[in-house]
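Here is the structure we will look at, set down as structure tokens.
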Amino acid sequence: MPIKLACLDLAGTTIGDIATVERAFSEAVATQGIVPGTGAYARAMVHVHRSRGCPKIEVFRGIFPGNEAQAQAANLTFERSYEGTIERTGLVPTPGVIEVLDKLRGAGISIALITGFSRSTLSRVLGVLGWEDKIDLAISPEDAGRGRPWPDMILHAVLRLGIEDVRQVAVAGDAESDMLCGRRSGASIVAGIMNGVHSRERLLKGGATHVLDSLADFPDLILAEELGAQQVAASVR
């Protein structure tokens, strides 16, 4: 089936802010007594790395199990730190991402950005990026009900944008949770992007149908898949 919707991860895939995110996590856990140089800090940051792409509040709930107040306090610090940094320094799109967005839109493919950020943080990010004319939708876990690795955000985009079949969806992300989300949604293409946080092995473990060196290769993958499908259909006729 022709691809009609591309669901693209935000942090690490379309914007290169991995260091900013990790610094905000570090500052957030430090306010709760988990400081660099301790075993607790090392364990917390391993959990952060493994959980990339998941809702930020869920990451903190994993670090502070059974203590909702601590998780909420850390999450608030994370949001203030991250939003403050991007307001001061801006955001840098990953190489070629503007061309990717233009090429997808030019091919008649709708674009949804999906993220583990809260709606508040996502709004700040969109304000800094100024991509209103380049995307059709931006979705946070709060908008859809659940975040990654659940498929809710992709299915929310399918419904909002009037896509007829989940097989008309292509997903791209740099984390294992992106891959799990895409496969659980029924998307035809679930592409792991190697210039982000997780390794090829982690992406394949999550269910990647393709692994790409860069998001810049994503439009050509979609168009190649569609061309192949058209040739098969023609041969059948």
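Hey, any hits in the range 35-46 for a residue that's among the aliphatic types (A, V, I, L, M), in contact (Cβ under 8 Å) with a residue 24 or more places away in the chain and closer than 26 Å to L10 by Cα?
no
Kindly indicate which of A69, A112 is surrounded by fewer than 19 Cβ atoms within 10 Å (Cβ to Cβ), out of contact with any Gly (no Cβ under 7 Å at 6 or more places or on another chain) and either modelled with pLDDT of 95 or more or not assigned by TED's automatic domain parsing to the domain that holds V169 (or both).
So the residue among A69, A112 that is surrounded by fewer than 19 Cβ atoms within 10 Å (Cβ to Cβ), out of contact with any Gly (no Cβ under 7 Å at 6 or more places or on another chain) and either modelled with pLDDT of 95 or more or not assigned by TED's automatic domain parsing to the domain that holds V169 (or both) is A69.
Looking only at residues that are over 19 Å from A187 (Cα atoms) and basic (K, R) in the range 103-120, which one is farthest from the chain's Cα centre (by Cα)?
K103
So how many residues does the range 47-70 have that are free of Cβ contacts under 8 Å to residues at least 12 places away in the same chain and either part of a loop (DSSP other than H, G, I, E, B) or closer than 19 Å to V125 by Cβ (or both)?
3
Among the residues in the range 145-152, are any free of Cβ contacts under 8 Å to residues at least 12 places away in the same chain, in contact with a helix residue (DSSP H, G or I) (Cβ under 8 Å, 6 or more places away or on another chain), in a loop (DSSP other than H, G, I, E, B) and over 30 Å from G33 (Cβ atoms)?
There is at least one residue in the range 145-152 that is free of Cβ contacts under 8 Å to residues at least 12 places away in the same chain, in contact with a helix residue (DSSP H, G or I) (Cβ under 8 Å, 6 or more places away or on another chain), in a loop (DSSP other than H, G, I, E, B) and over 30 Å from G33 (Cβ atoms).
When only residues in the range 14-59 that are aliphatic (A, V, I, L, M), crowded, with 18+ Cβ neighbours inside 10 Å and in contact with a strand residue (DSSP E or B) (Cβ under 9 Å, 6 or more places away or on another chain) count, which is farthest from E83 (Cα to Cα)?
Filtering the range 14-59 for residues aliphatic (A, V, I, L, M) gives 15, 18-19, 21, 24, 28-30, 34-35, 40, 42, 44-46, 48, 57, 59.
Narrowing the set further to residues that are crowded, with 18+ Cβ neighbours inside 10 Å leaves 15, 21, 24, 28-29, 34, 44, 48, 57, 59.
Narrowing further to those that are in contact with a strand residue (DSSP E or B) (Cβ under 9 Å, 6 or more places away or on another chain): 15, 21.
Values: I15: 14, V21: 10 Å.
Filtering the range 14-59 for residues that are aliphatic (A, V, I, L, M), crowded, with 18+ Cβ neighbours inside 10 Å and in contact with a strand residue (DSSP E or B) (Cβ under 9 Å, 6 or more places away or on another chain), the one farthest from E83 (Cα to Cα) comes out as I15.
Consider the range 121-144. How many of its residues are farther than 15 Å from A11 by Cα, in contact (Cβ under 8 Å) with a residue 12 or more places away in the chain and either surrounded by fewer than 19 Cβ atoms within 10 Å (Cβ to Cβ) or of a type in the set (K, R) (or both)?
Matching residues across the range 121-144 total 5.
Anything in the range 177-202 that is touching a strand residue (DSSP E or B) at 6+ places or on another chain (Cβ under 6 Å), over 13 Å from P149 (Cβ atoms) and crowded, with 17+ Cβ neighbours inside 10 Å? List them, or say none.
Taking the range 177-202 and keeping what is touching a strand residue (DSSP E or B) at 6+ places or on another chain (Cβ under 6 Å), we get 178-179, 182-183, 187, 189-193, 200.
Filter again for over 13 Å from P149 (Cβ atoms), leaving 187, 189, 191-193, 200.
Scanning the range 177-202 gives A187, I189, A191, G192, I193.
Residue under question is A11, and the condition is that it be in the same structural domain as S214 (by TED's automatic domain parsing), of a type in the set (G, A, S), under 19 Å from the mean Cα position of the chain (by Cα) and within 27 Å of R202 (Cα to Cα); does it hold? Lay out the reasoning, then the answer.
Values: in the same structural domain as S214 (by TED's automatic domain parsing): yes; of a type in the set (G, A, S): yes; under 19 Å from the mean Cα position of the chain (by Cα): yes; within 27 Å of R202 (Cα to Cα): yes.
The answer is yes for A11.
The values are calculated or read from the model by the stated rules, or taken from the named source; none is laboratory data. If you're wondering where the values come from, they're calculated on a predicted model, not measured in any experiment. Positions of Cβ are backbone-derived with ideal geometry, glycine not excepted, and every protein chain shown enters the neighbour counts.
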